[in-house]
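Undergrad: I have a structure here, written as structure tokens, and I will follow up with some questions on it.
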Amino acid sequence: MLVIMRDHASRDQVQHVVDMLSEAGAEAHLSEGEVKTIIGVIGDREIIYSLELEGLPGVEQVIRVLKPFKLVGRDFQPEDTVVKLGASSIGGGAFAVIAGPCSIESEEQMLATARAVKAAGATMLRGGAFKPRTSPYAFQGMGVEGLKLLRAAGDAVGLPVVTEVLDVRDAAVVAEHADILQVGARNMQNFMMLDELGTMRKPILLKRGLAATIEELLSAAEYVLKGGNRDVILCERGIRTFETYTRNTLDLAAVSALKSLTHLPVISDPSHATGRRDLIAPMAKASVAAGADGLMIEVHPDPERARCDGPQSLTPADFGTLMEQLVPRLAVEGKHLGIAS
């Protein structure tokens, strides 16, 4: 349920509604604008619907929401959420480019990549310390030592860092080093992890599952917001279909659909979606046209010798060329790179 307060409703009027909901065992989540306050209500439907909220002072309208997701929807918050990290931001016209290697391999590799992507215009640095691999014999990442190298590289060039949380038991240590905690496709419906991340005050980058619907992705994000963490970024990283030429199928229609359904920033990952270096640039440009708020792109100083996902990694030179091509396209869409000049 959504309780729409009248324009310039007083704090006492809003609090009175919140108190009534609390007494009924419901949770009230406030979205406060300059003029209007919207109260998102979560709890037992029958009890909530029995409350006579329409007649309370300051209440303009009560809307019953039938969608399984409430807090992430534009009904609850019409304006875009903007996630801010120091000088960098994403959402509301600010476009993020998150770039770096699939896997953290060495101090030299991370520093070289960080300097290259920063010089090209990236707004955030990525790198995997804990790597979920299909084969148990494949490189599994450097763990905590990799986190330290990522943090040091980010600090050296002045970029926020993004890395994946593979296990709920690692969430606290990852949060010590990373600015944004990534939830991978395999963990999108790891509800225990989502609950834990909802209690943290670090932005969450939530990737769409291999076969997840748009509704399932939004419901997963709802878990995080319900825990109190409003800084969630959604990522379309390709879904599994019958096609085998590409690694996955990049669903750009989902990007456009998500932008209409949710106020959360939505980014695209053409690297994991295509698995092919030659397709990353065209799919990145198409993502901008589809309305994406950012891109996640794998960049490695020597892709042929990368320990993980070399075929889908751009060289620093190719990444620089792509960034030059993206800037004018962002201007056409009314967006700008989300980093202070």
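Undergrad: Quick one: would you say Ser103 is hydroxyl-bearing (Ser, Thr, Tyr) and more than 30 Å from Glu23 (Cα to Cα)?
TA: Yes; evaluated as a whole, the condition is true for this residue.
Undergrad: Then there is this: I'm trying to understand the selection: among the residues of the stretch 87-110, which are part of a loop (DSSP other than H, G, I, E, B) and over 18 Å from Asp293 (Cβ atoms)?
TA: Pro101, Cys102, Ile104, Glu105, Ser106
Undergrad: Follow-up question, since we're still on this one. Checking Ala26 against (1) surrounded by 14 or more Cβ atoms within 10 Å (Cβ to Cβ); (2) out of contact with any helix residue (DSSP H, G or I) (no Cβ under 9 Å at 6 or more places or on another chain), only one condition comes out false. Which one?
TA: Against the list (1) surrounded by 14 or more Cβ atoms within 10 Å (Cβ to Cβ); (2) out of contact with any helix residue (DSSP H, G or I) (no Cβ under 9 Å at 6 or more places or on another chain), Ala26 comes up short only on (2).
Undergrad: In contact with a strand residue (DSSP E or B) (Cβ under 9 Å, 6 or more places away or on another chain), in the same structural domain as Val162 (by TED's automatic domain parsing), of a type in the set (A, V, I, L, M, F, W, C) and farther than 20 Å from Thr163 by Cβ: which single residue out of Leu206, Leu258, Leu234, Leu197 fits that description?
TA: Going through Leu206, Leu258, Leu234, Leu197 in turn, the sole match is Leu258.
Undergrad: Here is a follow-up. Residues of the stretch 153-176 being buried (at least 19 other Cβ atoms within 10 Å of the Cβ) and not hydrophobic (A, V, I, L, M, F, W, C), which ones?
TA: Gly154, Pro160, Thr163, Glu164
Undergrad: Please pick out the residue among Ile297, Ile239, Ile267 that is in the same structural domain as Glu164 (by TED's automatic domain parsing), hydrophobic (A, V, I, L, M, F, W, C) and more than 16 Å from the chain's Cα centre (by Cα).
TA: Exactly one of Ile297, Ile239, Ile267 is in the same structural domain as Glu164 (by TED's automatic domain parsing), hydrophobic (A, V, I, L, M, F, W, C) and more than 16 Å from the chain's Cα centre (by Cα), namely Ile239.
Undergrad: Could you grab me the full set of residues in the stretch 53-73 that are at pLDDT 85 or above and of a type in the set (D, E, K, R)?
TA: Within the stretch 53-73, Glu54, Glu60 meet the criteria.
Undergrad: Turning to a different aspect of this structure: Could we say that Leu166 is farther than 26 Å from Arg151 by Cα and assigned to a loop (DSSP other than H, G, I, E, B) here?
TA: Here the answer is no, as Leu166 does not meet what is asked.
Undergrad: Something else about it: Quick test of your reading of the structure: Gly86 fulfils all but one of (1) surrounded by fewer than 13 Cβ atoms within 10 Å (Cβ to Cβ); (2) under 23 Å from Met5 (Cα atoms). Name the failing condition by number.
TA: Answer for Gly86: the failing condition is (2).
Undergrad: Follow-up question, since we're still on this one. Taking Ser22 as the residue in question, decide whether it is of a type in the set (Gly, Ala, Ser) and part of a strand (DSSP E or B).
TA: no
Undergrad: Please work out which one of (1) assigned by TED's automatic domain parsing to the domain that holds Glu216; (2) within 30 Å of Ala331 (Cβ to Cβ); (3) in contact with a strand residue (DSSP E or B) (Cβ under 9 Å, 6 or more places away or on another chain) is the condition Ile104 fails and give its number.
TA: Failing condition for Ile104: (2).
Undergrad: Scan the stretch 304-322 for residues that are touching a Gly at 6+ places or on another chain (Cβ under 8 Å), crowded, with 20+ Cβ neighbours inside 10 Å and either at pLDDT 95 or above or in a helix (DSSP H, G or I) (or both) and jot them down.
TA: Gln312, the sole residue that qualifies.
Undergrad: Take the conditions closer than 25 Å to Leu337 by Cα and touching a residue at least 12 places away in the same chain (Cβ under 8 Å) and apply them to Val173. Does it pass?
TA: In short, no.
Undergrad: Also: List the strands (runs of 3 or more DSSP E) inside the stretch 219-300, counting only whole elements, that have at least 2 residues being in contact (Cβ under 8 Å) with a residue 24 or more places away in the chain and over 13 Å from Phe95 (Cα atoms).
TA: 232-236, 294-298
Undergrad: As an exercise: evaluate Leu111 against (1) at pLDDT 95 or above; (2) crowded, with 24+ Cβ neighbours inside 10 Å and give the number of the one condition it does not meet.
TA: Unmet condition: (2).
Residues are listed down the side, and each one gets a yes or a no for (1) exposed (fewer than 12 other Cβ atoms within 10 Å of the Cβ); (2) within 23 Å of the chain's Cα centre (by Cα); (3) under 27 Å from Ser260 (Cβ atoms); (4) not small (Gly, Ala, Ser):
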position: Lys36; (1), (2), (3), (4): no, no, yes, yes
position: Val41; (1), (2), (3), (4): no, no, yes, yes
position: Ile47; (1), (2), (3), (4): no, no, no, yes
position: Gly55; (1), (2), (3), (4): yes, no, no, no
position: Gly58; (1), (2), (3), (4): no, no, no, no
position: Val62; (1), (2), (3), (4): no, no, yes, yes
position: Lys67; (1), (2), (3), (4): no, yes, yes, yes
position: Gly73; (1), (2), (3), (4): no, yes, yes, no
position: Phe76; (1), (2), (3), (4): no, yes, yes, yes
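Undergrad: Could you check how many residues of the stretch 249-282 are under 14 Å from Val97 (Cα atoms) and surrounded by fewer than 23 Cβ atoms within 10 Å (Cβ to Cβ)?
TA: So the answer is 1.
Undergrad: Condition first: among the hydrophobic types (A, V, I, L, M, F, W, C), in a loop (DSSP other than H, G, I, E, B) and at pLDDT 85 or above. Can you find one or more residues in the stretch 119-133 that meet it?
TA: There is at least one residue in the stretch 119-133 that is among the hydrophobic types (A, V, I, L, M, F, W, C), in a loop (DSSP other than H, G, I, E, B) and at pLDDT 85 or above.
The values are calculated or read from the model by the stated rules, or taken from the named source; none is laboratory data. Given the structure is predicted, the values throughout are model-derived calculations rather than measurements. Every residue, glycine among them, receives a Cβ derived from its backbone with ideal geometry; neighbour counts consider all protein chains shown.
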